[in-house]
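Visitor: Supplied in structure tokens, the structure appears directly below.
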Amino acid sequence: MRFRLKRDELYAVLVILPSILLLAVFVYGFIAQTFRVSLTDWGQTAALSLQPEINYVGLSNYADLFGGFLNIRFRQDLTNMVMFTVLFVGLSLATGLVLASLVDNLIWGETVLRTVFLYPMSLSFVVTGTVWRWLLQPRGGINLLPTLVGLRAGQFLWLSSRDQQLTFDWALLPHYAVVALLALAAVMAGAAVLRRRRRQAAAWGAAAAMAAAVVATGLSRRWQLLPYSEAHGFSTALWGVVLAAVWQMSGYTMALYLAGLRTVPDELREAAYVDGASRLQIYRHVELPMLMPITVSAIVILGHIALKIFDLIFAMAGPDHAPTSVPAITMFLKTFRGNQLAVGAAIGTILLVIVSLLIVPYVVTQYRGDGGGRA
Amino acid sequence: MKRRPSLFSVAVQTLAVLLAVAYLIPVYMTLNTSLKSPAEINLPTAWQLPSELNWASYVTAWTRFAPYIKNSLILAVAATLISAGMGALNGYVLCKYPFPGSAVVLPLIVFGMFIPYQAILVPLFQFLQRTRLYGGLPGLILVHVVYGLPITTLLFRSFYAEIPDELLNAARIDGAGFAGVFRHIMLPLSGPPFLVVAIWQFTQIWNEFLFAVTLTRPDAQPITVALANLAGGQAVSWNLPMAGSVLAALPTVAIYVFLGRYFVRGLLAGSIKG
């Protein structure tokens, strides 16, 4: 029996080994290789020749992307990506929560309505993009909806608008970071004072004072990323992409929240009811707090989808449309249209680092030390 | 705690139905536009029903898209079966035969399903060219199998965790080894899990675009690429992209409608710890 188990364990390792090797090469090996390529100038000259001349150029591709004169589009890409992610995740969570709360309290038709809210999840982003591209034509589709009830047609240029809101100067990003730190430290210090935590208050207060000094002396304004000012901001053309993406994915958050609401034990609800809580109070104080862990999962899952978004924008606005472009799109253009493989590799690496900031803590806490349960 | 319909319940019901109508707007517009004749399609009358049904767009879309739908079908079925099969074995191992280091291996595997594929695309492209797999379906199947392994492994592992170890031990006492336990205990219980995993993988692979657009030559392109190419062209009348969208969406929507329960289970299992 014991001998048998030892032999079985050997078989087990042999069975899983091919998968582990494949993933070691295709995930980790290729990530390392991408990083290596990103440190070269591959693609600047004769990228497609059989023996391309490739030189090591250090981090200059990265420096160019963040501070080079020609890469203004990439910096707007990053801005778009952040804005899209915040809006998409926030609105998907809010919509999903509303839908789940409604569906959970229906008198009839729960199955049908749940199916309706969730069906967009089964579509590809390319189909969604194609259909919404038609719906968001400025002189038709959604903009005409108000006319059906006698109002004036909408005028918004959903995908083609060139407007930017919340503009900021890319050169001053370090300055903004210091100001943000100042605000955070001040708030934390205030909270610590209120809670009578002297040590914490002192630490945060010191941080706030330092940040304030850096701002007041004008030091932070001198750490400029660019030698000139360069305006970036929220590209309003993104609203169209956000709308389509929320339409597609809010059913997913609904399903998550609905599953969460169903795990709230009835005894808990009844106990609160007996204590005289109203339905809204039960919702607010019993059900909502139990949805917090689900919200964290949903933020991570939706967040990484948003940061990587590619197909939806490709299908809705095309890869060449700068107002809705994101790093994933520009990576595609640089690599496969421009043959600038090293620049594409650098963008891929930047994207990986950003996504990892979100994913690694999640994966580690969710799946660490959990190798299964054989007694 | 069901009581008679209150004002609150009626308001909830009404709001939910209105939202459902809003969620169905794209379906209405897609079907409506696809059934109009090209001459009848213009922006101001986009919402109006066609004066007469014109099915010709579907005929055109079908003749145009059939080869790409076939590509997608071959790709999705092959990659789904292979990755699900390997995922079942991996899940079995990770769940029932933990080995030294397996606790570290799992998060390392899972990480692979979250990475932006832009971060591996350049070496992948080089690799496929060197192995002469670039451009065709076999190469794309390989890619989808490999990058499908994390999710299939994870799903099967969490399903298999529900099979009690006593059952396995009983089989071992009867003389079953690693393969015997899998064959006689795990496999007979793998029906629903396999369905969940297969539905998930099929939907993902059918809908995938990035690998499809970067790693295939025109004759091996899946339907998503063909549709994006058609709709991306400026001169096209909208009836054809809409009919094409319906064709591209049909398989996964059909799966969702008829096997929705399993679809949702896969959806939730991927994000809530099972």
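Visitor: For the range B:67-269, what ratio Rg/Rh do Cα atoms give with a Kirkwood hydrodynamic radius?
Guide: Using Cα coordinates only, the ratio equals 1.04.
Visitor: Which residue fluctuates the most in chain A, going by a Gaussian network model with Cα springs under 10 Å, if the choices are A:ARG221, A:ARG197, A:ARG36?
Guide: Comparing A:ARG221, A:ARG197, A:ARG36 in the GNM, the peak value goes to A:ARG197.
Visitor: I would also like to ask the following. If I build a Gaussian network model for chain A, linking alpha-carbon pairs within less than 10 angstrom, which residue out of A:LEU14, A:LEU268, A:LEU341 has the largest mean-square fluctuation?
Guide: Between A:LEU14, A:LEU268, A:LEU341, it is A:LEU14 that shows the largest mean-square fluctuation.
Visitor: Test of understanding: ordering B:VAL10, B:VAL213 by Cβ neighbours within 10 Å, fewest first, what list do you get?
Guide: B:VAL10, B:VAL213
Visitor: Measure off 7 Å from each Cα along the Cα-to-Cβ vector at A:LEU225 and A:ASN55, then give the distance between these two points in nanometres to one decimal.
Guide: Placing both labels 7 Å along Cα→Cβ, they lie 2.7 nm apart.
Visitor: Here's a follow-up. Under the Kirkwood approximation applied to all pairs of distinct alpha-carbon atoms, what is the hydrodynamic radius of the range A:169-222 in Å?
Guide: Here the Kirkwood hydrodynamic radius works out to 11.4 Å.
Visitor: Whole-Hz ³J(HN,Hα) for each residue in the range A:180-192, computed from phi via Karplus 6.51 cos²θ - 1.76 cosθ + 1.60 with θ = phi - 60°, x for glycine and proline: what do you get?
Guide: Per-residue couplings from phi come out as 5, 4, 4, 4, 4, 4, 5, 4, 4, 5, x, 4, 5 Hz.
Visitor: Now for a different question. Which order do the peptides B:73-79, B:99-105, B:46-52 come out in when sorted by mean C-beta neighbours inside 10 angstrom, highest first? Don't skip to the end; give the middle numbers.
Guide: Details: B:73-79: 20.1, B:99-105: 15.4, B:46-52: 13.3.
Highest-to-lowest ranking by the protection proxy: B:73-79, B:99-105, B:46-52.
Visitor: Along the positive direction of the dipole of the range A:169-222 (beta-carbon charges: Lys, Arg +1; Asp, Glu -1; about the Cα centre), which of A:LEU194, A:ALA180, A:LEU219 reaches farthest?
Guide: Positive-end residue among those listed: A:LEU194.
Visitor: Then there is this: Taking only Cα atoms and a 10 Å spring cutoff, compute GNM fluctuations for chain A and point out the largest among A:LEU106, A:LEU136, A:LEU93.
Guide: Of A:LEU106, A:LEU136, A:LEU93, the Gaussian network model singles out A:LEU106 as fluctuating most.
Visitor: How large is the helix-only mean residue ellipticity at 222 nm for chain B, computed as the sum of -39500 (n - 2.57) over DSSP H runs with n ≥ 4, divided by its residue count, in deg cm²/dmol to the nearest 500?
Guide: Taking each H run of at least 4 residues, the total per residue is -23000 deg cm²/dmol.
Visitor: To the nearest whole number, what is the average tally of beta carbon atoms from other chains within 10 Å of the beta carbons of peptide B:91-99?
Guide: Mean shielding count: 6.
Visitor: Using a basic spin-label model with each label point 7 Å from the Cα along Cα→Cβ, how many nm lie between B:THR45 and B:VAL10?
Guide: 4.0
Visitor: With only alpha-carbon pairs counted, each pair once and no self-pairs, how large is the Kirkwood hydrodynamic radius of the range B:113-212 in angstroms?
Guide: Mean inverse Cα-Cα distance, inverted, gives 16.0 Å.
Visitor: I'd like the Karplus ³J(HN,Hα) series for the range A:149-166: coefficients 6.51, -1.76, 1.60, θ = phi - 60°, whole numbers in Hz, and an x wherever there's a Gly or Pro.
Guide: Per residue, the Karplus-derived 3J(HN,Hα) values read 10, x, 8, 7, 5, x, 10, 5, 8, 3, 10, 9, 4, 10, 5, 10, 10, 6 Hz.
Visitor: Here is a further query. So if I take the alpha carbon set of the range A:115-271, get Rg, then get Rh from the Kirkwood formula, what is the Rg over Rh ratio?
Guide: 1.16
Visitor: Further question: Go ahead and run the numbers for FRET between A:ARG139 and A:GLU9, Cβ-Cβ distance against an R0 of 60 Å, rounding to 0.05.
Guide: 0.35
Visitor: Also, I was wondering about something else. Semi-axes of the equivalent ellipsoid for the range A:271-339, please: Cα gyration tensor eigenvalues, times 5, square-rooted, ordered largest first, whole Å. Could the numbers behind the result be given before it?
Guide: Working: eigenvalues 435, 27, 8 Å².
For the range A:271-339, the ellipsoid semi-axes come out as 47, 12, 6 Å.
Visitor: Suppose R0 equals 22 Å; then what is the FRET efficiency for B:SER37 and A:SER160 from their Cβ-Cβ distance, rounded to the nearest 0.05?
Guide: 0.20
Visitor: Using the 2.2 N^0.38 Å rule of thumb for compact globular proteins, work out how chain A stacks up: its C-alpha Rg over that value, please.
Guide: Normalised Rg, Cα atoms only: 1.23.
Visitor: D for the protein assembly as shown, whole µm²/s, Stokes-Einstein with Kirkwood Rh over alpha-carbon pairs at 37 °C and 0.692 mPa s: what number?
Guide: Approximately 120 µm²/s, per Stokes-Einstein.
Visitor: Here is a further query. Assuming a viscosity of 1.002 mPa s and a temperature of 20 °C, what translational diffusion coefficient in µm² per second does Stokes-Einstein assign to the range A:59-132, Rh being the Kirkwood radius over Cα pairs? Display every interim value, and only then the final one.
Guide: On the way: Rh = 15.8 Å.
Translational diffusion coefficient: 135 µm²/s.
Visitor: Now for a separate question. Only Lys, Arg, Asp and Glu count, each charged at its Cβ (+1, +1, -1, -1), so figure out the dipole size of the range B:67-269 about its Cα centre, rounded to 20 debye.
Guide: Computed about the Cα centre, the dipole is about 260 debye.
Visitor: Spelling out what I want: for every residue of the range B:184-194, take phi, set θ = phi - 60°, compute 6.51 cos²θ - 1.76 cosθ + 1.60 (Karplus), and round to whole Hz; glycine and proline get x.
Guide: 9, 9, 6, 4, x, 9, 8, x, x, x, 4
Bear in mind that the values in this text are calculations on the coordinates, not laboratory data. Since the structure is predicted, the reported quantities are computational estimates derived from the model, not experimental observations. As a convention, Cβ positions derive from the backbone with ideal geometry for all residues, glycine included, and neighbour counts pool all protein chains shown.
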